[in-house]
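Written out below as structure tokens is the structure these notes cover.
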Amino acid sequence: MIYITLRITIKKIKQNTISTIKLYASGAHENHNLHGKRRHTLHSFFQFAPTQTQHHQSHHNRTMSILEYNGAAIIAMAGKDCIGIASDNRLGIQFQTVAMDFKKIFKMSDTLFVGLAGLATDVQTLDQLLRFRMNLYELREERAMTPQVFTNLLSNILYEKRFGPYFVEPVVAGLDEKGSPYLATMDLIGATSTTKDFVVSGTCDGNLYGMCETLYKPDLGKEELFETLAQALLASVDRDALSGWGGVVHIITKEGVMSRELKGRQD
Amino acid sequence: MYQQNLDKIAELSSHSAMGVSGPNCDLVNFSELGTGLSDVTPHLAPYHDQCRYISKNLALYELSNDGMKLSTHAQANFCRGELAKALRKGPFQVNVILGGYDENVPNGGSLYVMDYLGSCQKVNYGAQGYASNFTLSIMDRDWEEGLNEEQAVKIVEHCIRELNMRFLLNQSNFIIKVVDKDGVRTVKADSDPTDN
């Protein structure tokens, strides 16, 4: 299968790129595991086995990954001298919704936001840990923490727990000292990747990638960025049972932060 | 079924109470059951000898900090932190609902729902355990902003009636406690079955 994919790709390399992308997409099918969702084998180690107190949920057939226990959807996108970060509002316990106003995006400073998708307890623990470490840094260094340093710090905090990790997949969005956008994402053990356009995380990351790839244009202004983020988020979470119940978008510019609530399908 | 009269709502401080659900050992170990004002179940004295982690730590804070009481939000945060710390060592398998009254908070009362993993969320109404499958929808419908005590207790009673009717594993012996500016008090307690 892989061989055939490569051969066709080389042939079509001179044709339009859309067909190449389609081929890559079809090749990726074979990487889907039985559950048809997570593509990384790393996550298959973290299947959630319901404990005795929670066994009333185990009547459904497939076990949920720990990262899917609470549900989340986070996007961050870069615009022209601005950055936007958006998340959904749902807090669930497997398939039952517990709250519709659960915060997943945390403000670390006026120009630095971090979105944490994954197990809610670790989301809250990490929020407190990160604020603590950031405050300590700023007291000792007497200067603000840049997004690059923050990402490095977060990556180290996660890797410290390599063999008993925090079950979060964070997204860092900020403006560096020159005011240009900075985006980064990492997996639950701190493997970082920085991009120029958008980063996503959460239970419906496949949907989010698709929406962002379609709707994103470089150098969007504040309002256009907000609109793009809102549409991408709402369309993605509508097709995911574990995320939704509205959303929140923060647009960060040199002048300040603009935060807006999104009202989507309340389910 | 071992006991039909275990009061699972522990009084944490003068103006807060914590309902816990889970295996009994963790339940009693984590909170403090049946001390102080719960005059309904005085025969639970043997349970009082157990380690009472959360409420004694809160009392310690008050003693060490010149009588300053922790707000409900702070108590919930402490409770969450302990659950989260224990998760990776030896988890308490208790789900908690913590409610308290503070003077400087608008509306006074606040409610926090925590699961055994250590996630905490401030809510207007909450339920843990099997009851949640039945009662969350009822409270979604009936709850509105600005209820008084009588209306709130009515909603709770509505939930209890529903459980009595529809829930297979139901035990009909419920206790309702209210936390307001005068502290924690028991509003309604069904009769103790062991009295019969």
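Scanning region A:103-115 for residues that are crowded, with 24+ Cβ neighbours inside 10 Å and closer than 30 Å to B:Tyr130 by Cβ turns up just one, A:Lys104.
Quick check on my filter: what residues within region A:90-101 are surrounded by fewer than 24 Cβ atoms within 10 Å (Cβ to Cβ) and assigned to a loop (DSSP other than H, G, I, E, B)? Break it down stepwise before answering.
First pass over region A:90-101, keeping only residues surrounded by fewer than 24 Cβ atoms within 10 Å (Cβ to Cβ): A:92-101.
Selection gives A:Gln94, A:Phe95, A:Met100, A:Asp101.
Annotation: A:Ser236 fulfils all but one of (1) assigned to a loop (DSSP other than H, G, I, E, B); (2) within 17 Å of A:Cys204 (Cα to Cα); the unmet one is (1).
Applying the condition of being within 14 Å of chain B (Cβ to nearest Cβ) and hydroxyl-bearing (Ser, Thr, Tyr) to region A:119-160 and asking which residue is farthest from A:Gly92 (Cα to Cα) yields A:Thr125.
Of all residues in region A:161-186 being among the charged types (D, E, K, R) and either over 24 Å from A:Thr203 (Cα atoms) or under 17 Å from the mean Cα position of the chain (by Cα) (or both), which is most open to solvent (accessible area, probe 1.4 Å)? Let's see the steps before the verdict.
Step one: filter region A:161-186 for residues among the charged types (D, E, K, R), giving A:161-162, A:169, A:176-178.
Next, only the ones that are either over 24 Å from A:Thr203 (Cα atoms) or under 17 Å from the mean Cα position of the chain (by Cα) (or both) stay: A:169, A:176-178.
Values: A:Glu169: 21, A:Asp176: 25, A:Glu177: 139, A:Lys178: 172 Å².
For region A:161-186, the residue satisfying everything is A:Lys178.
Mind checking which residues of region A:80-89 are open to solvent by 10 Å² or more (accessible area, probe 1.4 Å) and more than 14 Å from chain B (Cβ to nearest Cβ)? Break it down into steps so the answer makes sense when it comes.
Keep residues of region A:80-89 that are open to solvent by 10 Å² or more (accessible area, probe 1.4 Å), which gives A:80-81, A:89.
Of everything in region A:80-89, those that are open to solvent by 10 Å² or more (accessible area, probe 1.4 Å) and more than 14 Å from chain B (Cβ to nearest Cβ) turn out to be A:Lys80, A:Asp81.
Considering only residues that are buried (at least 19 other Cβ atoms within 10 Å of the Cβ), of a type in the set (Phe, Trp, Tyr) and facing chain A (nearest Cβ under 9 Å), which ones fall in region B:109-141? Answer for region B:109-141, where residues must be buried (at least 19 other Cβ atoms within 10 Å of the Cβ), of a type in the set (Phe, Trp, Tyr) and facing chain A (nearest Cβ under 9 Å): just B:Tyr116.
Number of residues in region B:127-161 that are among the polar types (S, T, N, Q), under 17 Å from B:Gly109 (Cβ atoms) and assigned to a helix (DSSP H, G or I): the value is 1. Selection of first residues in region B:84-100 that are within 12 Å of chain A (Cβ to nearest Cβ) and farther than 14 Å from B:Ser110 by Cβ and of second residues that are in a helix (DSSP H, G or I) and charged (D, E, K, R), restricted to Cβ pairs under 6 Å at least 6 apart or on distinct chains, gives the following pairs, ordered by first then second residue: B:Phe92/B:Asp26; B:Gln93/B:Asp26; B:Val94/B:Asp26.
Can you find even one residue in region A:203-215 that is touching a Leu at 6+ places or on another chain (Cβ under 7 Å) and within 22 Å of A:Ser180 (Cβ to Cβ)? So far as region A:203-215 goes, no, none of its residues is touching a Leu at 6+ places or on another chain (Cβ under 7 Å) and within 22 Å of A:Ser180 (Cβ to Cβ).
The values are calculated or read from the model by the stated rules, or taken from the named source; none is laboratory data. Keep in mind that what you see is a predicted model, and the values were worked out from it rather than measured. All Cβ positions, even for glycine, are placed from backbone atoms using ideal geometry, and neighbour counts span all protein chains on display. All accessible areas refer to the heavy atoms of the entire protein, side chains included, with ligands and DNA or RNA removed. Shrake-Rupley method; radii C 1.70, N 1.55, O 1.52, S 1.80 Å.
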